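Written below as structure tokens is the structure these notes are about.
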Amino acid sequence: MSLVLASVDWNIAQNVFFYIFAIIMVFSAFKVVTTDNIVHAALFLVVVLAGVAAQFILLGAEFLASTQVLVYIGAVVVLFLFGIMLTRAQVGADSELDQPNRWPALLTGSMMFAVLAATLIRTFEDTELPDETVTTTQQVSDTIFSQYIVAFEATSVLLLAALIGAIVIARKD
Amino acid sequence: MILNQFLLLAAILFCLGVYGALARRNAVLVLMSIELILNSVNINLVAFGAYHGNLSGEVFALFIIAVAAAEVGIGLAIVLLIYRNRRSIDLNQADLMKG
């Protein structure tokens, strides 16, 4: 609890909103991986993705937050809903969504969390973020189009390849 | 705000995603779990970028968003193809390569 108390006097509003969003996100992510209704899983995923956008705003990454809303909530979730619709998933509860034996998955997830949490707490302890972390869209675009221009071009080629590949794979003939 | 609260939130989301990818047998739900994992990595990158006052974290998070969009497009095309051939997207039944 020293983690929480150390930062309370620093910036209360940001912390309050962080923990509100974090609780909502963890609950929704838990429902995404446990619910037995596949449409509900997609809708809980929307809540998690919106929460991630909210965390980006708390971290001062405004361009990334708007991209998150546009690309993930606007496009990826719609793709998921199309996938659910086209594979004629059972609407309503479906007991066949989980593996019959979930213990190995539970063991892997919880052990990974134990290792990650122990390492993070021991390494960073109460390291504070800087007071001013806001980055403008202009700074982000300047970085992309100077330092990372090659990676940016490679990403556009990747998107083109994915577009053509998806059409070739899903085409009926 | 301290750095660790973001990193621990990302760790929780990552591990829930790993659990989902292993425990689900519906292919669409496995893809959703992978989205959870990629989003937790994005939170990590942006938090470290803010900590170091460096924009590279945000730029790489943008690249991850683009790659994740491509991955979902291809992944759902493959799932549709499996559904068309086998009338089911149960991953336990897609076992042609099992010896």
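For A:Ala161 and A:Phe82, compute 0.36 nm times the residue count separating them, minus their Cα-Cα distance, and round to one decimal in nm.
Net length gain for the segment: 26.3 nm.
First select every other residue whose beta carbon is under 11 angstrom from the beta carbon of B:Ile65; then total the charges, Lys and Arg +1, Asp and Glu -1.
-3
Most mobile of A:Ala162, A:Ala118, A:Ala105 per a Gaussian network model of chain A (Cα springs, under 10 Å)?
Evaluated over chain A, the most mobile residue of the options is A:Ala162.
What residue among B:Asn39, B:Asn54, B:Asn26 has the largest mean-square fluctuation in a Gaussian network model of chain B, using Cα springs under 10 Å?
In the Gaussian network model the winner is B:Asn54.
Hey, what's chain B come to in accessible area per residue, 1.4 Å probe, Å²?
Accessible surface, normalised per residue, equals 36 Å².
Only Cα pairs within less than 10 Å get springs; with that Gaussian network setup on chain A, which residue of A:Asn15, A:Asn101, A:Asn37 has the largest fluctuation?
Between A:Asn15, A:Asn101, A:Asn37, it is A:Asn101 that shows the largest mean-square fluctuation.
Just want the answer: with Cβ charges of +1 for Lys and Arg and -1 for Asp and Glu, which residue in A:Ala118, A:Asn101, A:Gln138 is farthest toward the dipole's positive end in chain A?
Looking along the dipole axis, the top candidate is A:Asn101.
For A:Gln90, what is the net charge nearby, where nearby means another residue's Cβ is under 11 Å from its Cβ and Lys, Arg count +1, Asp, Glu -1?
Local net charge: -2.
Quote the total accessible area buried by chains A and B together, excluding ligands, DNA and RNA, probe 1.4 Å, nearest 100 Å².
By this definition, chains A and B bury close to 7100 Å².
Kindly sort A:Thr123, A:Thr155 by accessible area of their heavy atoms, largest first, with the probe set to 1.4 Å.
Sorted by accessible area, descending: A:Thr123, A:Thr155.
Add -39500 (n - 2.57) for each DSSP H run of 4 or more in the protein assembly as shown, then divide by its residues: what number comes out at 222 nm, to the nearest 500 deg cm²/dmol?
Rounded to the nearest 500, the figure is -24500 deg cm²/dmol.
Under a 5 Å amide H to amide H cut-off, with H placed in plane at 1.01 Å, what residues pair with B:Arg24 once short-range neighbours are removed?
Under 5 Å from the amide H of B:Arg24: A:Gln99.
Over the heavy atoms of A:Arg102, what accessible area does a 1.4 Å probe trace out, to the nearest 10 Å²?
The accessible area comes out at roughly 100 Å².
Report the convex hull volume per residue for the range A:1-92, counting only C-alpha atoms, in Å³.
88 Å³
Near B:Ile89, within a Cβ-to-Cβ distance under 15 Å, what is the net charge of the other residues, with Lys and Arg +1 and Asp and Glu -1?
Combined, the nearby Lys, Arg, Asp and Glu give +1.
Carbon and sulfur together cover what percent of the accessible area of the protein assembly as shown at a 1.4 Å probe radius?
69 percent
The values are calculated or read from the model by the stated rules, or taken from the named source; none is laboratory data. For clarity, every value in this text was computed on a predicted model and none was experimentally measured. Note: ideal-geometry Cβ built from the backbone for every residue, glycine included; neighbour counts use all protein chains shown. Side chains included, ligands, DNA and RNA excluded: accessible areas come from the protein's heavy atoms. Shrake-Rupley method; radii C 1.70, N 1.55, O 1.52, S 1.80 Å.
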